[in-house]
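Undergrad: Shown below is the structure under consideration.
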Amino acid sequence: MAQERQEVDAAEFDKDIQQPDAQVFDVRTAGEFSTGHLPHALQADYTKKEEFMDRVQYLDKKKTVYIYCLSGGRSTAAAKWMREHGFTEVVELDGGINAWKRAGKQLEGVAEKKPQLTIADYNNAVHAKGMVLTDVGATWCPPCKQMEPVLEKFFQKHPQVKKVLVDGGNDQDVMKSVDATKLPTFILYKDGKEVARKEGVVELAELEKLAGL
């Protein structure tokens with residue numbers, strides 16, 4: 001049975017998301033997200049159904065999700081879907097980012113635009129001797145977040161593997177050049193040649209198998 005709708009104002013929402021490990025979910029576009037977002041927010045574009053369905057599955061259904069968009073339309077629809085599909089508690093920000101700004105509250109990521117990783121620098125990094133693992137991901141991507149402890153263990157166990165990070169929200173030129181369309185995408189190179197590729201969440205053993213380790 002779907003849960004009843006919960007909607008709170010900016011002051012209450014702000015207080016709620018201060019809790020440790022609060023799940024904050026932004027369902028605007030990546031472009032909107034890059035203009036400023038709430039603290040620790042994860043992002044999935046509700047208007048891109050495949051992206052939304054892929055990322056929402058990595059949220060914990062048993063824990064409260066605090067959801068928002070620009071003015072409340074998309075988050076209301078997304079929250080309704082989530083309640084109907086097993087999420088125990090979904091709290092909406094009444095009026096979305098617009099209401100957050102009207103309440104005088106600050107956004108994160110507004111001034112964090114940085115230069116893109118160049119294709120030349122990327123190619124120099126991966127065309128090295130030995131094994132290189134490229135991680136195309138983002139801190140705001142739910143499945144990427146889930147992969148963080150797996151990658152940490154991988155590089156601890158295999159310090160000989162060089163790590164190359166591609167920011168999925170910023171390094172668009174490199175993403176196009178390597179044809180990475182989903183986050184996360186992992187690309188393995190051996191002596192400068194691509195030898196394996198995997199999209200989405202993977203177990204440590206599978207990652208090691210792909211790398212031949």
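Each value in this text was obtained by applying a stated rule to the coordinates, not by laboratory testing. Remember, predicted model here, so these are calculated numbers, not experimental data. Heads up, the Cβs are rebuilt from the backbone with ideal geometry, glycines too, and the neighbour counts pull from every protein chain shown.
Undergrad: Restricting the search to region 33-65, which residues are among the charged types (D, E, K, R), touching a strand residue (DSSP E or B) at 6+ places or on another chain (Cβ under 9 Å) and surrounded by fewer than 17 Cβ atoms within 10 Å (Cβ to Cβ)?
TA: Asp60, Lys63
Undergrad: Would you kindly identify the helices (runs of 4 or more DSSP H) lying entirely within region 1-95 that contain at least 2 residues that are within 27 Å of Val201 (Cα to Cα)?
TA: 30-33, 49-56, 73-84
Yes/no per residue for (1) among the hydrophobic types (A, V, I, L, M, F, W, C); (2) under 30 Å from Glu12 (Cβ atoms); (3) within 17 Å of the chain's Cα centre (by Cα):
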site: Ile97; (1), (2), (3): yes, yes, no
site: Asn124; (1), (2), (3): no, no, no
site: Cys141; (1), (2), (3): yes, yes, yes
site: Leu151; (1), (2), (3): yes, no, yes
site: Ile187; (1), (2), (3): yes, no, no
site: Leu213; (1), (2), (3): yes, no, no
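Undergrad: Could you look through region 164-178, keep only residues that are in a helix (DSSP H, G or I) and touching a residue at least 24 places away in the same chain (Cβ under 8 Å), and pick out the one that is surrounded by the most Cβ atoms within 10 Å (Cβ to Cβ)?
TA: Taking the candidates together, the pick is Val174.
Undergrad: Against the condition assigned to a strand (DSSP E or B), within 18 Å of the chain's Cα centre (by Cα) and more than 19 Å from Gln23 (Cα to Cα), how does Thr181 come out, does it pass?
TA: So Thr181 does not fit the description; no.
Undergrad: While we're here: On the basis of being in contact (Cβ under 8 Å) with a residue 40 or more places away in the chain and either within 22 Å of Gln146 (Cα to Cα) or part of a loop (DSSP other than H, G, I, E, B) (or both), does Lys105 make the cut?
TA: In short, yes.
Undergrad: Kindly provide the set of residues from region 124-163 that are surrounded by fewer than 19 Cβ atoms within 10 Å (Cβ to Cβ) and part of a strand (DSSP E or B), ordered by number.
TA: Met131, Lys162, Lys163 - these are the residues of region 124-163 that are surrounded by fewer than 19 Cβ atoms within 10 Å (Cβ to Cβ) and part of a strand (DSSP E or B).
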